[in-house]
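All remarks here apply to the structure that follows.
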Amino acid sequence: MREVAAIYQAPTRQQAIWRFRAWKAKWEPLAPKAVRCSEKDLDSRLEFFSLPPAHRKLMRTTNG
């Protein structure tokens, strides 16, 4: 879970994508369905990076 959390806590969208690719390379052989599910909507789940940094935590979590 820490690896997945690191994706969403990245300072930039590009860094989040890089972290996702590293996570994918590690986990795809072990859990291919989970990786496909995560990758399917990645663009929409990283949309919060288009917001100002002060608003990102609120928008990326349900614990507003």
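Checking residue 56 against (1) modelled with pLDDT of 90 or more; (2) outside any loop (DSSP other than H, G, I, E, B), which single condition isn't satisfied?
Only one criterion is unmet by residue 56, namely (1).
I need a count of the residues in the stretch 3-26 that are farther than 17 Å from residue 57 by Cβ and modelled with pLDDT under 95.
Residues in the stretch 3-26 being farther than 17 Å from residue 57 by Cβ and modelled with pLDDT under 95: 1 in total.
Being surrounded by 10 or more Cβ atoms within 10 Å (Cβ to Cβ), at pLDDT 90 or above and in contact with a helix residue (DSSP H, G or I) (Cβ under 7 Å, 6 or more places away or on another chain) is the requirement here; does residue 40 meet it?
On the way: surrounded by 10 or more Cβ atoms within 10 Å (Cβ to Cβ): yes; at pLDDT 90 or above: yes; in contact with a helix residue (DSSP H, G or I) (Cβ under 7 Å, 6 or more places away or on another chain): no.
No; evaluated as a whole, the condition is false for this residue.
Hey, can you tell me all the residues within the stretch 12-42 that are in a loop (DSSP other than H, G, I, E, B) and either touching a residue at least 24 places away in the same chain (Cβ under 8 Å) or under 11 Å from the mean Cα position of the chain (by Cα) (or both)? Even if it seems obvious, please write down each step before you answer.
Quick first cut of the stretch 12-42, residues in a loop (DSSP other than H, G, I, E, B) only: 12, 28-31, 41.
Selection gives 12, 41.
The values are calculated or read from the model by the stated rules, or taken from the named source; none is laboratory data. Everything quoted here is computed from the prediction, not taken from an experiment. A quick note on method: Cβ atoms are made from the backbone with ideal geometry, for glycine too, and the neighbour counts reach across all protein chains shown.
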